[in-house]
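Participant: Below are the structure tokens for one structure; questions will follow.
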Amino acid sequence: MTRPISSGSLRRRVTLAAMCTLPMSWGIVASVGGQTSSASADLLITNGKVYAADGTGRFFEAVAIGGGKVLRVGSNQEIADLRGPSTNVIEARGRTVVPGFNDSHVHFLGGGLGLSQVDLAGLETLPAVQGKIREFAAAHGAAPWIQGRGWLYSPFPGGLPTRALLDAVVPDRPAAMTCYDGHSLWVNSRALAMAGITKDTPDPKNGVIVKDPKTGEPTGVLKESAQALVRKVLPQPSRDDQRAALRAAIAEALKFGLTSVQNASGSPEELEIFDEAQRAGDLKVRYYSTLSIQPGFTQSEADRYDQVWRRYGDNPVLKTGAIKIVLDGVIESRTAGMLEPYTNATSAGTPNYTREDLERIVTMMDARGWQIWIHAIGDRSIRMALDAFEHAAAVNPAPARGRRHRIEHIEAVAAADIARFGRLGVIASQQPMHVVLGDMNADEPSGPWPNNVGRERATRAWAWNSIRAAGGRLTFGSDWAVAPLAPGEGIWLATTRKVSAGAQDQKLPLTDAIDGYTRWPAYASFEEQRKGTLAPGMLADIAILSTDLIAHPPLKPTDLIVDMTIANGAVVYRRDVGR
């Protein structure tokens with residue numbers, strides 16, 4: 001029988017164990033004795049503060065692993081009989097041990113590709129942004145294009161950059177910089193010329209070419225679908241580029257204790273790259289991908305997606321079974337669909353789908369058993385998504401595996417819709433670090449996000465605790481490369497988030513925040529029966545942190561550090577601590 005241990009008991013046992021441990025550095029130590037057993041473990045983790053994430057809040061001392069699965073969780077004494085002559089032992093020395101983290105919303109291959117571009121994330125001044133781009137361009141003199149991503153709205157006068165600002169640092173080649181949120185593209189004059197964009201170029205459907213109000217000339221910012229006008233002339237990554245990007249993304253994920261990711265955009269062709277990696281044994285991160293669709297999606301296109309799902313079914317390493325609908329844009333660029341106009345504006349944003357087309361597609365894919373993810377940021381779009389899910393449930397029989405439809409982001413929800421998540425069984429998929437990027441982690445928020453919606457609507461920004469209190473289910477992610485991939489940063493924000501005037505406190509207890517990156521994502525991907533918790537029979541995907549996180553919760557974004565990542569029972573990452 002496994003039994004939980006108290007914090008005081010744990011500290012006494014850990015202290016004694018640490019005093020008796022010969023190696024001064026922690027790591028894997030070959031067993032030098034112990035009981036032999038025909039059922040001996042491949043690996044033991046001992047003297048840890050093991051958080052099982054099983055919904056009970058319990059902590060244990062040790063974990064036994066064999067055959068890629070958890071054999072037992074309990075006290076050191078309770079797993080001692082699983083130690084054989086070839087069992088390896090990890091001495092945790094009081095550090096927190098958790099299930100491998102699972103990011104519910106990433107753009108994984110794109111994030112990997114972005115690692116080789118200019119990184120503008122977090123830069124808060126125009127000189128810092130321009131300096132970073134200038135330095136990168138100088139270091140890549142042979143590159144035909146200079147590409148980057150991550151710029152914030154706040155460093156630029158009026159909230160948007162201009163082509164002149166980019167011309168000043170990259171005058172000799174086309175350059176394209178993706179905004180941190182992925183919904184706007186900043187380009188220089190050479191890029192505009194290569195794409196043939198002039199003052200006479202009309203806005204494409206669901207897109208905006210920002211133009212100077214006096215001259216009508218394009219300013220160098222393309223919103224939403226207008227980005228495609230430049231992206232079609234960008235150099236496309238080769239298959240080798242994509243393979244290299246995947247390797248880089250996997251290494252980045254393992255560094256942060258991520259053993260599973262859920263991709264928020266994908267294609268059948270992209271899945272083939274992951275399948276190659278899986279067959280070669282190189283896909284060390286479990287991958288669940290949506291397939292992206294566009295307005296007007298047809299029955300014949302759905303038939304093709306059904307074939308892809310049959311090929312990549314419920315595989316614990318690589319699978320699909322979900323579609324992604326991008327219903328609106330973002331609040332910062334006023335492209336999110338709102339119920340009322342933006343502050344000091346007549347526009348309320350326009351969703352990318354009509355109500356009828358959204359309802360048709362959701363009902364069609366629900367009837368086929370697909371999980372449906374809907375990107376909905378503005379309160380109007382969130383309501384449209386909930387309405388579509390409610391309609392599908394009313395006219396279709398429940399799929400064999402049940403419904404676990406999701407809304408992604410949910411940045412500005414109407415008060416009347418908060419309780420509908422629980423009532424309809426719709427999962428609220430949110431990204432805690434977006435609160436920082438939206439200038440909302442402040443006592444008195446100010447910036448493009450809060451300024452565009454006004455004080456009253458801002459009180460319901462990223463209302464995850466309100467949704468949960470009303471019976472809704474949550475799951476957390478990063479939206480990488482929009483925000484850093486590190487789950488620790490999201491855990492920090494979720495547990496320390498500031499409360500602005502008139503807003504409800506959305507902070508979560510630390511264990512709930514950890515659940516948001518372990519147990520809850522497993523449910524959100526129909527996989528709670530095999531991962532997300534530490535219990536016998538579950539996949540041995542584990543992260544060992546650098547401290548006792550419970551005793552020392554994160555006070556800043558970088559406080560949660562992963563010392564070791566275990567995937568499928570094997571150590572796949574170990575932090576260099578100067579041993």
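Participant: Got a sec? Which of Met433, Met384, Met440 is within 22 Å of Gly111 (Cα to Cα) and not assigned by TED's automatic domain parsing to the domain that holds Ile561? Lay out the reasoning, then the answer.
Facilitator: Details: Met384 fails: within 22 Å of Gly111 (Cα to Cα); Met440 fails: within 22 Å of Gly111 (Cα to Cα).
When all the criteria are applied, what remains is Met433.
Participant: Scan the stretch 130-147 and tell me whether some residue there is of a type outside the set (Lys, Arg) and modelled with pLDDT under 90. Spell out the reasoning first.
Facilitator: As a first pass, look at the stretch 130-147 and keep what is of a type outside the set (Lys, Arg): 130-131, 133, 135-147.
Adding the requirement that they be modelled with pLDDT under 90 leaves none.
Within the stretch 130-147, none of the residues are of a type outside the set (Lys, Arg) and modelled with pLDDT under 90.
Participant: Going by what's in this entry, would Ala376 be described as farther than 30 Å from Met538 by Cα and not hydroxyl-bearing (Ser, Thr, Tyr)?
Facilitator: yes
Participant: Moving on to the next point. What do you reckon, is Ile273 modelled with pLDDT of 95 or more, surrounded by fewer than 21 Cβ atoms within 10 Å (Cβ to Cβ) and of a type in the set (A, V, I, L, M)?
Facilitator: yes
Participant: Restricting attention to the stretch 516-554, report how many residues are aromatic (Phe, Trp, Tyr) and assigned to a loop (DSSP other than H, G, I, E, B).
Facilitator: 2
Participant: Moving on. Go through (1) among the aliphatic types (A, V, I, L, M); (2) at pLDDT 95 or above; (3) closer than 30 Å to Ile491 by Cβ and name the single condition Ala388 misses.
Facilitator: All conditions pass for Ala388, except number (3).
Participant: Right, next: Looking only at residues in the stretch 300-328 that are out of contact with any strand residue (DSSP E or B) (no Cβ under 8 Å at 6 or more places or on another chain) and of a type in the set (S, T, N, Q), which one is surrounded by the most Cβ atoms within 10 Å (Cβ to Cβ)?
Facilitator: Ranking the qualifying residues of the stretch 300-328, first place goes to Asn315.
Participant: Out of the strands (runs of 3 or more DSSP E) lying entirely within the stretch 57-145, which hold 1 or more residues that are surrounded by 15 or more Cβ atoms within 10 Å (Cβ to Cβ), charged (D, E, K, R) and under 20 Å from the mean Cα position of the chain (by Cα)?
Facilitator: Strands (runs of 3 or more DSSP E) meeting the threshold: 101-106.
Participant: Within the stretch 164-179, does at least one residue satisfy the condition of being charged (D, E, K, R) and within 27 Å of His434 (Cα to Cα)? Break it down into steps so the answer makes sense when it comes.
Facilitator: Keep residues of the stretch 164-179 that are charged (D, E, K, R), which gives 167, 172-173.
Next, only the ones that are within 27 Å of His434 (Cα to Cα) stay: none.
There is no residue in the stretch 164-179 that is charged (D, E, K, R) and within 27 Å of His434 (Cα to Cα).
Participant: Let me ask something else about it. Filter the stretch 547-558 down to residues that are buried (at least 17 other Cβ atoms within 10 Å of the Cβ) and within 23 Å of the chain's Cα centre (by Cα), then give me how many there are.
Facilitator: Of the residues in the stretch 547-558, 4 are buried (at least 17 other Cβ atoms within 10 Å of the Cβ) and within 23 Å of the chain's Cα centre (by Cα).
Participant: (1) more than 23 Å from Lys324 (Cβ to Cβ); (2) at pLDDT below 95: which one isn't true of Ala483, the others all being true?
Facilitator: In the conditions (1) more than 23 Å from Lys324 (Cβ to Cβ); (2) at pLDDT below 95, Ala483 misses (1) alone.
Participant: Would it be correct to say that Ser267 is at negative phi, in contact with a Ser or Thr (Cβ under 8 Å, 6 or more places away or on another chain) and surrounded by fewer than 19 Cβ atoms within 10 Å (Cβ to Cβ)?
Facilitator: It is true that Ser267 is at negative phi, in contact with a Ser or Thr (Cβ under 8 Å, 6 or more places away or on another chain) and surrounded by fewer than 19 Cβ atoms within 10 Å (Cβ to Cβ).
Participant: While we're on this one: Within the stretch 330-383, take every residue that is of a type in the set (Asp, Glu) and outside any loop (DSSP other than H, G, I, E, B) and give me the one that is surrounded by the most Cβ atoms within 10 Å (Cβ to Cβ).
Facilitator: Only one residue tops the list, namely Asp379.
The values are calculated or read from the model by the stated rules, or taken from the named source; none is laboratory data. Just so you know, these numbers come straight off a predicted model, no measurement behind them. Cβ coordinates were reconstructed from backbone atoms using ideal geometry, including for glycine residues, and neighbour counts include every protein chain displayed.
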